[in-house]
Amino acid sequence: MTETLTVEQASRELAEDHRRLHDLIDRLGRADDLSAMAEALADLHAALTGHFNQEEKPGGLYDALGVCAPSFRQHLAELVDDHFRFAGVVRDLRERARAAEGAAADSLRGDVARLLSALADHERREHEMVKAASGA
Ligand SMILES: [Fe+2]
Ligand SMILES: [Fe+2]
């Protein structure tokens, strides 16, 4: 089925992007002071916004998923909302890391951990849709 191939192709094209994001996320998780955190958050922000544009572009993964299974459209809209929210959260965290003093690092770390688990959940939902579309 042509649509299925398109989903698989679009998903393959994003695989390298996803790997790179994992590296950045690992780096952020390991950042042990505010300036390392601010740097990791700045790089993550740039990589994520580029990645979200790739997923949402015409002919990209979300397009392919929506064509393949119209029933996915509500879920896709939720993923697009996530993208918008994540970009804002990462930007805010980056600004907080830049402005914060040492004592604020712990509360920032808690918010970073929440962001990372929300990102992991987002990715899991994306993968499930790709699997459902490919295995159908
Ligand atoms: Fe996404
Ligand atoms: Fe993604």
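Do we find that S117 is within 25 Å of A10 (Cα to Cα), surrounded by fewer than 18 Cβ atoms within 10 Å (Cβ to Cβ), modelled with pLDDT under 95 and of a type in the set (S, T, Y) in this structure?
Answer is no for this residue.
Give me the residue from the range 79-90 that is surrounded by fewer than 16 Cβ atoms within 10 Å (Cβ to Cβ) and in contact (Cβ under 8 Å) with a residue 12 or more places away in the chain and, out of that set, nearest to L14 (Cα to Cα).
Here is the first cut: in the range 79-90, the ones surrounded by fewer than 16 Cβ atoms within 10 Å (Cβ to Cβ) are 80-81, 84-85, 87-88.
Right, trim to in contact (Cβ under 8 Å) with a residue 12 or more places away in the chain and you get 80, 87.
Details: V80: 16, A87: 18 Å.
My answer is V80.
When you scan the range 47-79, how many residues do you find that are touching an Asp or Glu at 6+ places or on another chain (Cβ under 6 Å), of a type in the set (A, V, I, L, M) and either at pLDDT 95 or above or within 13 Å of E126 (Cβ to Cβ) (or both)?
Selection size over the range 47-79: 1.
Would you say F52 is within 11 Å of ligand 1 (Cβ to nearest atom), of a type in the set (F, W, Y) and in contact (Cβ under 8 Å) with a residue 12 or more places away in the chain?
So F52 fits the description; yes.
Could you figure out which of (1) over 23 Å from R114 (Cβ atoms); (2) away from ligand 2 (no atom under 12 Å from the Cβ) isn't true of N53?
For N53, the failing item is (2).
Any residue that is without any contact (Cβ under 8 Å) to a residue 40 or more places away in the chain, within 16 Å of ligand 2 (Cβ to nearest atom) and either touching a Lys or Arg at 6+ places or on another chain (Cβ under 9 Å) or at positive phi (or both) - is there at least one of those in the range 102-114?
no
Out of L61, L65, which single residue is under 18 Å from E8 (Cα atoms), within 15 Å of the chain's Cα centre (by Cα) and either in contact (Cβ under 8 Å) with a residue 40 or more places away in the chain or within 13 Å of ligand 2 (Cβ to nearest atom) (or both)?
Sole residue among the options that is under 18 Å from E8 (Cα atoms), within 15 Å of the chain's Cα centre (by Cα) and either in contact (Cβ under 8 Å) with a residue 40 or more places away in the chain or within 13 Å of ligand 2 (Cβ to nearest atom) (or both): L61.
Can you tell me how many residues in the range 19-49 are within 18 Å of the chain's Cα centre (by Cα), touching a residue at least 24 places away in the same chain (Cβ under 8 Å) and surrounded by fewer than 18 Cβ atoms within 10 Å (Cβ to Cβ)?
5
Being touching a residue at least 60 places away in the same chain (Cβ under 8 Å), part of a helix (DSSP H, G or I) and not hydrophobic (A, V, I, L, M, F, W, C): is that true of S134 here?
Working: touching a residue at least 60 places away in the same chain (Cβ under 8 Å): yes; part of a helix (DSSP H, G or I): yes; not hydrophobic (A, V, I, L, M, F, W, C): yes.
Considered against the rule, which asks whether it is touching a residue at least 60 places away in the same chain (Cβ under 8 Å), part of a helix (DSSP H, G or I) and not hydrophobic (A, V, I, L, M, F, W, C), S134 comes out as yes.
Which one is nearest to ligand 1 (Cβ to nearest atom), of the residues in the range 92-108 that are among the charged types (D, E, K, R) and crowded, with 16+ Cβ neighbours inside 10 Å?
R94
Need a quick list: helices (runs of 4 or more DSSP H) entirely within the range 1-60 having at least 3 residues that are within 30 Å of E101 (Cα to Cα). Talk me through it step by step, then tell me what you get.
Values: elements: 2-13, 15-30, 34-56.
Helices (runs of 4 or more DSSP H) meeting the threshold: 15-30, 34-56.
The values are calculated or read from the model by the stated rules, or taken from the named source; none is laboratory data. Everything quoted here is computed from the prediction, not taken from an experiment. Glycine also receives a Cβ, built like all others from the backbone with ideal geometry; neighbour counts cover every protein chain displayed.
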